[in-house]
1. Take the residues in the stretch 84-107 that are assigned to a loop (DSSP other than H, G, I, E, B) and surrounded by 13 or more Cβ atoms within 10 Å (Cβ to Cβ); name whichever of them is farthest from the chain's Cα centre (by Cα).
2. Of all the residues that make up the stretch 47-89, how many are among the aliphatic types (A, V, I, L, M) and over 12 Å from residue 36 (Cα atoms)?
3. Which ones in the stretch 47-78 are of a type in the set (D, E, K, R), over 11 Å from the mean Cα position of the chain (by Cα) and exposed (fewer than 14 other Cβ atoms within 10 Å of the Cβ)?
4. Please work out which residue is surrounded by the most Cβ atoms within 10 Å (Cβ to Cβ), limiting yourself to the stretch 28-46 and to residues that are out of contact with any strand residue (DSSP E or B) (no Cβ under 6 Å at 6 or more places or on another chain) and in a helix (DSSP H, G or I).
5. From the list 23, 81, which residue is aliphatic (A, V, I, L, M), modelled with pLDDT under 95 and surrounded by fewer than 19 Cβ atoms within 10 Å (Cβ to Cβ)?
Amino acid sequence: MKKARLTLAAIAISAASLFSFKAFEGGSVKGTVTPADKAIRAWAISSTDTVRADISSGAFEIKDVKPGTYSVIIEAQEPFANTRKKDVVVTEGQATEVGEIQLQPKN
């Protein structure tokens with residue numbers, strides 16, 4: 001009987017520990033780039049995290065981004081310069097829309 005109680009207690013503790021952790025639900029950053037054919041990749045960079053996504057037809061979505069404040073950098077082809085958008089705030093489980101990012105020619 002004592003062994004059955006210990007087994008039951010162990011199962012109960014194991015089950016409780018499984019439900020005590022919250023699954024990570026990352027946010028995302030999405031937007032568009034003009035001119036579309038000169039954009040290569042989009043990066044979301046913070047002091048603790050770096051995430052990237054390819055740009056397709058001028059649109060991007062960087063997924064599984066941890067909550068925080070990021071700089072979004074668009075990697076561009078010549079004759080355009082890489083472009084940065086500062087202070088993009090990502091919230092857990094939410095998509096952050098950065099709108100249209102215009103690439104500028106290199107100086």
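1. So in the stretch 84-107, the residues assigned to a loop (DSSP other than H, G, I, E, B) come out as 91-94, 103-104, 106-107.
Then keep just the ones that are surrounded by 13 or more Cβ atoms within 10 Å (Cβ to Cβ); that gives 92, 94, 103.
Numbers: 92: 9, 94: 10, 103: 22 Å.
Across the stretch 84-107, the extreme among qualifying residues is 103.
2. Filtering the stretch 47-89 for residues among the aliphatic types (A, V, I, L, M) gives 51, 53, 55, 59, 62, 65, 72-74, 76, 81, 88-89.
Those still in the list that are over 12 Å from residue 36 (Cα atoms) too: 51, 53, 62, 65, 72-73, 81, 88-89.
So the answer is 9.
3. Of all residues in the stretch 47-78, those of a type in the set (D, E, K, R) come to 49, 52, 54, 61, 63-64, 66, 75, 78.
Those left that are additionally over 11 Å from the mean Cα position of the chain (by Cα): 54, 75, 78.
Answer for the stretch 47-78, where residues must be of a type in the set (D, E, K, R), over 11 Å from the mean Cα position of the chain (by Cα) and exposed (fewer than 14 other Cβ atoms within 10 Å of the Cβ): 54, 78.
4. Step one: of the stretch 28-46, the residues out of contact with any strand residue (DSSP E or B) (no Cβ under 6 Å at 6 or more places or on another chain) are 35-37.
Cutting the leftovers down to in a helix (DSSP H, G or I) gives us 36-37.
Values: 36: 13, 37: 10.
The qualifying residue surrounded by the most Cβ atoms within 10 Å (Cβ to Cβ) is 36.
5. Working: 81 fails: modelled with pLDDT under 95.
Step by step, each of 23, 81 is checked, and only 23 is aliphatic (A, V, I, L, M), modelled with pLDDT under 95 and surrounded by fewer than 19 Cβ atoms within 10 Å (Cβ to Cβ).
The values are calculated or read from the model by the stated rules, or taken from the named source; none is laboratory data. What you see is a predicted model, and the numbers here were worked out from it, not measured in a lab. When we count neighbours, we look across all protein chains shown, and the Cβ atoms used for this are built from the backbone with ideal geometry, even at glycine.
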